[in-house]
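Trainee: If you scroll down you'll find the structure; I have some questions about it.
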Number of protein chains: 2
Amino acid sequence: MNTIQSNSYPIFFENTIGELSKFVREGDYSRFFILTDENTAIHCLPVLQVEFAGYDNFDIIEINAGEESKDIDFCIGIWKMLIDFGADRKSLLINLGGGVISDLGGFAASTFKRGIDFVHVPTTLLSQVDASVGGKTGIDIDRIKNIIGTFTQPKAVFINNDFLTSLPARQILSGTAEMLKHGLIMDAAYWAALKNSDLSAPSVDLIYRSVEIKNKVVMEDPTEKGIRKALNFGHTIGHAVETNSLLNDEDPLTHGEAIAIGMICEAYLAHKKTGLSSDDLAEIVAVFTGLYPKYDLSKTDYAELCKIMLKDKKNQNGNINCTLLNKIGECNLDNICSEAELYESLAFYAEL
Amino acid sequence: MNTIQSNSYPIFFENTIGELSKFVREGDYSRFFILTDENTAIHCLPVLQVEFAGYDNFDIIEINAGEESKDIDFCIGIWKMLIDFGADRKSLLINLGGGVISDLGGFAASTFKRGIDFVHVPTTLLSQVDASVGGKTGIDIDRIKNIIGTFTQPKAVFINNDFLTSLPARQILSGTAEMLKHGLIMDAAYWAALKNSDLSAPSVDLIYRSVEIKNKVVMEDPTEKGIRKALNFGHTIGHAVETNSLLNDEDPLTHGEAIAIGMICEAYLAHKKTGLSSDDLAEIVAVFTGLYPKYDLSKTDYAELCKIMLKDKKNQNGNINCTLLNKIGECNLDNICSEAELYESLAFYAEL
């Protein structure tokens, strides 16, 4: 285990700060910029500042932590700072943070002067196994997640396990949900291995395998015309639950908590529609309910959730489209689900 | 003469409304949207409304005419309307208008849900010979032109000569400047043909040849790493003069008027630096001063113009980079020009 080669860029797992430093040195950039948030500024940025102490051609752009920062207004703020700092086409943006930083920074860089280089240094488990690989950038408008974005590949990704030690347990578990998804859609043995490990502190080997699965899928289908939809398992319902929670809850669900709910609901739909066995369904329910606190969905307006689902990018012609499972380790793409079916699956979760 | 094939899309010159209609029909789009401005809504939109009278799955998005509409705020407005109108990934945006519409609409479409299809129906001479071909999209921030954008190809371009009849003479001449540039950088015979024609109403054949030249250049170099820089002749200084005029003049220069000034200044630099003969310089000056009213550059702050040039996307490492000419019909890329040289070239124009 060392480096994964994606379409056009390497994903480093070892000596990542040294590799980043080498990348910047050899890239001959006119200037570089580190995009960070108030959390990574404390826990991760100092490591980079030590590494780049000898450079005088970089600036730091710090934003607030949290999904609210993925709004277009923050993006405009980043563009204006790049202008003020004199960024040119030979500049580099280093996205140091979680999914918000990589999605937002990736979008800002991919559109600044029609595209400057960017790399990701993901600092959360979720962004290491999900957002940092695959070339999707995105921002929210009116809280509709990733409604605006591009498909643009980073020039490199640096996955540093040390950064995870500063994360609260709840943030680790948010990433674990995506790792479990990788097993469910594609690799039953990996699912089994995850189930039997300490998921509050996943090993580098397990993270590596998740990145390997995600990378394989996105390399086959970079712009989501086919197999990449596999990664949407749990996300049609999960995204809606997440958006709704963000709008209404004082302490909103994490991404992982929301898609864990989505995976339970969509596993139920898979049991109804694509042949997922009762045993597999029971196993999936047991794993997710064991890892994540029960969320009181009964108070949620199902019609409102369906309205959010209808705005999902994955839909066409006004139909709600789900990726389901045939069995643990094997996905089933493009299942149109009726509102009645979606309500039933939400009720299934609510009544657990 | 009929159709030019670009990288991945056709450029139609004949029966363009019929071809557009066929394109929409065969594209099997869930919905389509026509982006128009207050001028094209009067002069061009009715033709499309007649053509699409039988469709019930389209909406019209109208914006104000003028460069001010290329701001990010208008782009956000378009994104929100696409959301409200229920646009999905299988939707199409038809950009009906000049360069502002194609640049802005192209950017909005290329980033909406990470990219939906768009086509251009350019309605000004300038946009027919310039903005609609080449796959550059862009918006302005703080009046810095095209500072944000993508390289994204349209799915087709429909060049309808009939739309030009509604244009004021000054708008026609704005496009003529780009046609003359195509001759200067690449085709001395075309320059000579243009010089000897009635440039207040260029023939379809002449327009076709301009599109052919531009298309050849951008196909070789879609992301402006090399030969595409040829198209920047006159634009380093011209863009700065245009921006400055937009900020300060009650009746600002058109794009063509500004780059005509830029081409005179840069022809002067070419005479100084890359061997353009005195005769060629005199001919270039004569043609442009014959076509465009003299602009009083003497009141303009040259230092301010250089400051604008330094923010130009074309620069790297803080140097101002110009495309110059060896002779009429042959360009010379990547010439770094000092502030003193730029001042001298501006004074050359001012003293004409």
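The values are calculated or read from the model by the stated rules, or taken from the named source; none is laboratory data. Fair warning: this is a prediction, and the values are worked out from it, not measured in the lab. No Cβ is skipped: glycine too gets one built from the backbone with ideal geometry, and neighbour counts run over all protein chains shown. Heavy atoms of the whole protein, side chains included, go into the accessibility calculation; ligands, DNA and RNA do not. Shrake-Rupley method; radii C 1.70, N 1.55, O 1.52, S 1.80 Å.
Trainee: Take the conditions in contact with a strand residue (DSSP E or B) (Cβ under 7 Å, 6 or more places away or on another chain) and part of a strand (DSSP E or B) and apply them to residue A:185. Does it pass? First the steps, then the outcome.
Mentor: Numbers: in contact with a strand residue (DSSP E or B) (Cβ under 7 Å, 6 or more places away or on another chain): yes; part of a strand (DSSP E or B): no.
Against the criterion (in contact with a strand residue (DSSP E or B) (Cβ under 7 Å, 6 or more places away or on another chain) and part of a strand (DSSP E or B)), residue A:185 does not qualify.
Trainee: OK, next. For the range B:296-326, which residues satisfy the criterion of being touching a residue at least 12 places away in the same chain (Cβ under 8 Å), part of a strand (DSSP E or B) and within 14 Å of chain A (Cβ to nearest Cβ)?
Mentor: Selection gives B:319, B:320, B:321.
Trainee: Within the range A:57-79, track down each residue that is within 14 Å of chain B (Cβ to nearest Cβ) and open to solvent by 60 Å² or more (accessible area, probe 1.4 Å).
Mentor: Once the filter is applied, which keeps residues that are within 14 Å of chain B (Cβ to nearest Cβ) and open to solvent by 60 Å² or more (accessible area, probe 1.4 Å), the range A:57-79 yields A:73, A:74.
Trainee: Quick check on my filter: what residues within the range B:134-145 are facing another protein chain (nearest Cβ under 8 Å), outside any loop (DSSP other than H, G, I, E, B) and open to solvent by 10 Å² or more (accessible area, probe 1.4 Å)?
Mentor: Of everything in the range B:134-145, those that are facing another protein chain (nearest Cβ under 8 Å), outside any loop (DSSP other than H, G, I, E, B) and open to solvent by 10 Å² or more (accessible area, probe 1.4 Å) turn out to be B:136, B:144.
Trainee: Which condition breaks for residue B:26 when tested against (1) open to solvent by 20 Å² or more (accessible area, probe 1.4 Å); (2) modelled with pLDDT under 95?
Mentor: (2)
Trainee: How many residues are within 17 Å of the chain's Cα centre (by Cα) and either among the β-branched types (Val, Ile, Thr) or not assigned by TED's automatic domain parsing to the domain that holds residue B:137 (or both) if we restrict to the range B:101-119?
Mentor: So the answer is 2.
Trainee: Determine, yes or no, whether residue A:82 is away from chain B (no Cβ under 11 Å) and surrounded by 22 or more Cβ atoms within 10 Å (Cβ to Cβ).
Mentor: For residue A:82, the condition - away from chain B (no Cβ under 11 Å) and surrounded by 22 or more Cβ atoms within 10 Å (Cβ to Cβ) - is not met.
Trainee: If residue B:194 satisfies all but one of (1) more than 14 Å from every other protein chain (Cβ to nearest Cβ); (2) over 16 Å from the mean Cα position of the chain (by Cα); (3) open to solvent by less than 10 Å² (accessible area, probe 1.4 Å); (4) modelled with pLDDT under 95, what's the number of the condition it fails?
Mentor: (4)
Trainee: Looking at the range B:94-117 only, could you name the residues that are more than 14 Å from every other protein chain (Cβ to nearest Cβ) and at negative phi?
Mentor: B:94, B:95, B:96, B:98, B:99, B:100, B:101, B:102, B:105
Trainee: Now for a different question. Of (1) away from every other protein chain (no Cβ under 14 Å); (2) surrounded by fewer than 16 Cβ atoms within 10 Å (Cβ to Cβ), residue A:33 satisfies all except one. Which?
Mentor: All conditions are met except number (2).
Trainee: So which residues in the range B:36-56 are open to solvent by 20 Å² or more (accessible area, probe 1.4 Å) and in a loop (DSSP other than H, G, I, E, B), if there are any at all?
Mentor: B:53, B:54, B:55, B:56
Trainee: Looking at this structure, is residue A:157 surrounded by 20 or more Cβ atoms within 10 Å (Cβ to Cβ) and at pLDDT 95 or above? Break it down stepwise before answering.
Mentor: Details: surrounded by 20 or more Cβ atoms within 10 Å (Cβ to Cβ): yes; at pLDDT 95 or above: yes.
Spelling it out, residue A:157 is indeed surrounded by 20 or more Cβ atoms within 10 Å (Cβ to Cβ) and at pLDDT 95 or above.
Trainee: From the list A:274, A:254, which residue is hydroxyl-bearing (Ser, Thr, Tyr) and closer than 25 Å to residue A:145 by Cβ?
Mentor: A:254
Trainee: If a residue has to be over 26 Å from residue B:332 (Cα atoms) and either open to solvent by 40 Å² or more (accessible area, probe 1.4 Å) or in a helix (DSSP H, G or I) (or both) to count, how many in the range B:166-182 make the cut? First the steps, then the outcome.
Mentor: Taking the range B:166-182 as the starting set, the residues that turn out to be over 26 Å from residue B:332 (Cα atoms) are B:166-172.
Filter once more, so that each one left must be either open to solvent by 40 Å² or more (accessible area, probe 1.4 Å) or in a helix (DSSP H, G or I) (or both): B:166, B:168-172.
Residues in the range B:166-182 being over 26 Å from residue B:332 (Cα atoms) and either open to solvent by 40 Å² or more (accessible area, probe 1.4 Å) or in a helix (DSSP H, G or I) (or both): 6 in total.
Trainee: Scan B:305, B:247 and give me the residue that is touching a helix residue (DSSP H, G or I) at 6+ places or on another chain (Cβ under 8 Å) and not assigned by TED's automatic domain parsing to the domain that holds residue B:98.
Mentor: When all the criteria are applied, what remains is B:305.
Trainee: Do you know which residues across the range B:210-241 are within 18 Å of residue B:345 (Cβ to Cβ) and open to solvent by less than 10 Å² (accessible area, probe 1.4 Å)?
Mentor: Selection gives B:233, B:234, B:236, B:237, B:238, B:240, B:241.
Trainee: Please give the number of the condition residue A:163 fails out of (1) in a helix (DSSP H, G or I); (2) out of contact with any strand residue (DSSP E or B) (no Cβ under 9 Å at 6 or more places or on another chain); (3) closer than 22 Å to residue A:100 by Cα; (4) not hydroxyl-bearing (Ser, Thr, Tyr).
Mentor: Every condition holds for residue A:163 apart from (2).
Trainee: Related question: Starting from the range A:227-243, keep only residues that are under 19 Å from residue A:338 (Cβ atoms), then list their pairs with residues that are among the β-branched types (Val, Ile, Thr) and open to solvent by 10 Å² or more (accessible area, probe 1.4 Å) whose Cβ atoms are within a distance under 6 Å, requiring at least 6 positions of separation or different chains.
Mentor: Cβ pairs passing all conditions: A:240/A:308.
Trainee: Then there's this: Quick check on my filter: what residues within the range A:226-275 are under 14 Å from the mean Cα position of the chain (by Cα) and in a loop (DSSP other than H, G, I, E, B)?
Mentor: Residues satisfying the conditions are A:233, A:234, A:254.
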